[in-house]
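*Asks:* Okay, here's the structure, questions in a sec.
The values are calculated or read from the model by the stated rules, or taken from the named source; none is laboratory data. Only a predicted model underlies this, so the values are computations on that prediction, with no experimental measurement involved. Note that we place each Cβ from the backbone using ideal geometry, even for glycine, and neighbour counts take in every protein chain shown. For the accessible areas, the whole protein counts, side chains as well, though only heavy atoms, and no ligand, DNA or RNA atoms are used. Shrake-Rupley method; radii C 1.70, N 1.55, O 1.52, S 1.80 Å.
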Amino acid sequence: MGDSAKISVNDSEYEYGVHSGSCGPDVVDIRKLYSETGLFTFDPGFKSTASCESGLTYIDGGQGILLHRGYPIEQLAEQSSFMEVAYLLLNGELPSSKEFADFERTITLHTMVHEQLKELYRGFRRDAHPMAIMCGVVGALSAFYHDSTDITDPEQRMIASHRMIAKMPTIAAMAYKYAIGQPFLYPDNDLSYTGNFLRMTFGVPAEEYELDPVIEKAMDRIFILHADHEQNASTSTVRLAGSSGANPFACIASGIACLWGPAHGGANEAALNMLREIGTPDRIGEYIDRAKDKEDPFRLMGFGHRVYKNFDPRAKVMKETATDVLNTLGVDDPIFDVARELEQIALNDEYFIEKKLYPNVDFYSGVILSAIGFPTTMFTVLFAIARTVGWVAQWNEMISDPDQTIGRPRQLYTGPEQRDYVPVGSR
Ligand code: ACO
């Protein structure tokens, strides 16, 4: 592509600059399109629209590449830790040992939540979906940290970011404990970020909690795999909410709300439910046929992705992690057999090949999380813990961008033209 793009409207031609990033497609800068031509662009679902400039995460969907600050996700999942990836996303570079120790300590010092926050949980029904609780409680954090947060001050932004990353596991574990009627556990700052979360979730005050290092590692890896994914729906929601200067905790609550949907973070819950419904490998054909039937709204959950059209690199790591966890726990879950066989059948089916539909990160994550002991309703909550890192890093990047302005899309209006109001008696 050259360094400009021309648009002809009636007899006039307009020229727009083309910008190149460090990787990926160039972009046509159409910011002046409306003022110069009176036209909007029409792109529902933002299939061709870059909404911002970002240096955090790069995805090449065709090649199945995912990089955080340039580092491939496979290397991070294999060699790094979730806390180190959090540092990387927030600060741009991998930390030195001293920087990392300081960062871990800082996060650890923020793991407790205000004691009064406990009262908020009691207002929820016991059978409330934990994502509903997460939306409410994280939104409520804005009431605890409102006056102290000046988002124009980078230092205060970083404190708010550290608080959100640190408190999210505590809030999530409390949502779980509330649902099952067990007492909340305070954080244990001697444990790792992930170990502490597992203890707060599965431990009880009456007994010492024994942390299994294989499960801790698998959970940490799942967090790494979900940490950021450039301008996905929930991240774009956080950016849009944040673009008005809103309180950062409220912005993250909006991201949680968006993540909950089955087309996004809710897919891992939906994928496991689907595998359970299939139950045995002999019923796979029936579900493949349903997925291909245009009259049937059913889709293979955990399959397909807006961006990955070759394979999802996170799904590969997730499949290996599933094998590790099931072997360690000695779990012989028939659902894993169904998943593996369904994957093979779908990958060899013309419909899925032609539409470039591959397993996404959610396809195997449910199998692992279920083996660890999480109920399906907690799956998206775990995703939210991890993605909080991406959300706060993207939010920080947006606020510090000199070109940042309130997000305000346009529309193609197809409603009635102007007409006069008719009083109710005359209608
Ligand atoms: N099963 C069956 N058919 C599918 C599936 C699927 N899982 N996904 C897409 N298709 C078909 C669609 O019917 C459509 O067919 P058509 O061209 O004949 O109309 C075609 O493939 C393209 O689908 P779109 O929905 O247009 O693709 P899009 O990029 O908008 O959607 C999405 C991506 C939402 C992820 C979709 O693949 C889907 O619904 N998958 C199941 C839900 C899921 O697993 N979501 C998790 C995403 S990953 C994440 O959020 C972490």
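*Asks:* If a residue must be open to solvent by less than 80 Å² (accessible area, probe 1.4 Å) and either free of Cβ contacts under 8 Å to residues at least 12 places away in the same chain or closer than 16 Å to Gln394 by Cβ (or both), how many such residues does region 22-40 contain?
*Replies:* Qualifying residue count, region 22-40: 1.
*Asks:* Suppose we keep only residues that are of a type in the set (Val, Ile, Thr) and under 23 Å from Phe46 (Cα atoms) within region 391-427. Which one would you say is surrounded by the fewest Cβ atoms within 10 Å (Cβ to Cβ)?
*Replies:* Per the stated criteria, the residue is Thr414.
Condition check ((1) in contact (Cβ under 8 Å) with a residue 40 or more places away in the chain; (2) hydrophobic (A, V, I, L, M, F, W, C); (3) closer than 26 Å to Arg239 by Cβ) across all residues:
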{"residue": "Leu329", "(1), (2), (3)": "yes, yes, no"}
{"residue": "Val338", "(1), (2), (3)": "yes, yes, no"}
{"residue": "Leu382", "(1), (2), (3)": "yes, yes, yes"}
{"residue": "Val392", "(1), (2), (3)": "yes, yes, yes"}
{"residue": "Thr405", "(1), (2), (3)": "yes, no, yes"}
{"residue": "Val424", "(1), (2), (3)": "no, yes, no"}
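*Asks:* I need a count of the residues in region 192-209 that are closer than 16 Å to Gln182 by Cβ and either open to solvent by less than 40 Å² (accessible area, probe 1.4 Å) or in a helix (DSSP H, G or I) (or both).
*Replies:* Of the residues in that region, 7 qualify.
*Asks:* Please count how many residues of region 145-162 are touching a residue at least 60 places away in the same chain (Cβ under 8 Å) and either part of a loop (DSSP other than H, G, I, E, B) or not polar (S, T, N, Q) (or both).
*Replies:* Counting residues in region 145-162 that are touching a residue at least 60 places away in the same chain (Cβ under 8 Å) and either part of a loop (DSSP other than H, G, I, E, B) or not polar (S, T, N, Q) (or both) gives 9.
*Asks:* Looking only at region 62-75, count every residue that is open to solvent by less than 10 Å² (accessible area, probe 1.4 Å) and either over 16 Å from the mean Cα position of the chain (by Cα) or basic (Lys, Arg) (or both) and tell me the total.
*Replies:* Matching residues across region 62-75 total 1.
*Asks:* Quick one: Arg306 ticks every box in (1) within 8 Å of the ligand (Cβ to nearest atom); (2) open to solvent by less than 10 Å² (accessible area, probe 1.4 Å); (3) closer than 30 Å to Pro169 by Cβ except a single one, so which number is it?
*Replies:* (2) is the only condition that Arg306 fails.
*Asks:* Can Ala166 be described as crowded, with 24+ Cβ neighbours inside 10 Å, on the phi < 0 side of the Ramachandran plot and part of a helix (DSSP H, G or I)?
*Replies:* In short, no.
*Asks:* List the number of the failed condition for Glu53; all other conditions in (1) part of a helix (DSSP H, G or I); (2) closer than 18 Å to Val238 by Cβ; (3) of a type in the set (Asp, Glu) hold.
*Replies:* (1)
*Asks:* OK, next. Which of the numbered conditions does Ile222 fail, given that it passes all the others? Conditions: (1) surrounded by fewer than 24 Cβ atoms within 10 Å (Cβ to Cβ); (2) in contact (Cβ under 8 Å) with a residue 24 or more places away in the chain.
*Replies:* That leaves (1) as the condition not met.
*Asks:* Return yes when Asp362 is of a type in the set (Asp, Glu), free of Cβ contacts under 8 Å to residues at least 40 places away in the same chain and closer than 29 Å to Ala179 by Cα and no when it is not. If you could, list the steps in order and put the result at the bottom.
*Replies:* Details: of a type in the set (Asp, Glu): yes; free of Cβ contacts under 8 Å to residues at least 40 places away in the same chain: no; closer than 29 Å to Ala179 by Cα: yes.
Judged against the criteria, Asp362 is not a match.
*Asks:* Can you name the residue in region 330-366 that is among the aliphatic types (A, V, I, L, M) and in a helix (DSSP H, G or I) and, of all such residues, is nearest to the ligand (Cβ to nearest atom)?
*Replies:* The residue in question is Ala346.
*Asks:* To continue, here is another question. If I filter region 367-390 down to residues being open to solvent by 20 Å² or more (accessible area, probe 1.4 Å) and over 18 Å from Trp260 (Cβ atoms), which single residue comes out as farthest from the ligand (Cβ to nearest atom)?
*Replies:* Only one residue tops the list, namely Gly373.
*Asks:* When residues of region 239-286 are filtered for being open to solvent by 20 Å² or more (accessible area, probe 1.4 Å) and of a type in the set (Phe, Trp, Tyr), how many remain?
*Replies:* Adding up the residues that qualify gives 1.
*Asks:* Which numbered condition in (1) touching a strand residue (DSSP E or B) at 6+ places or on another chain (Cβ under 7 Å); (2) away from the ligand (no atom under 16 Å from the Cβ) is the only one that Met83 fails?
*Replies:* Going through (1) touching a strand residue (DSSP E or B) at 6+ places or on another chain (Cβ under 7 Å); (2) away from the ligand (no atom under 16 Å from the Cβ) one by one, Met83 breaks only (1).
*Asks:* Kindly indicate whether Ala386 is within 30 Å of His162 (Cβ to Cβ), under 12 Å from the mean Cα position of the chain (by Cα), outside any loop (DSSP other than H, G, I, E, B) and of a type outside the set (Phe, Trp, Tyr).
*Replies:* Yes; evaluated as a whole, the condition is true for this residue.
*Asks:* Quick one: which residue in Gly261, Gly203 is within 13 Å of the ligand (Cβ to nearest atom) and not β-branched (Val, Ile, Thr)?
*Replies:* Gly261
*Asks:* Considering only residues that are of a type in the set (A, V, I, L, M, F, W, C) and touching a strand residue (DSSP E or B) at 6+ places or on another chain (Cβ under 9 Å), look in region 312-341 and name the one that is surrounded by the most Cβ atoms within 10 Å (Cβ to Cβ).
*Replies:* Looking only at region 312-341, we keep the residues that are of a type in the set (A, V, I, L, M, F, W, C), and these are 315, 317-318, 322, 325-326, 329, 331, 335-336, 338-339.
Going one step further and asking which of them are touching a strand residue (DSSP E or B) at 6+ places or on another chain (Cβ under 9 Å), we end up with 315, 318, 339.
On the way: Ala315: 23, Met318: 28, Ala339: 25.
For region 312-341, the residue satisfying everything is Met318.
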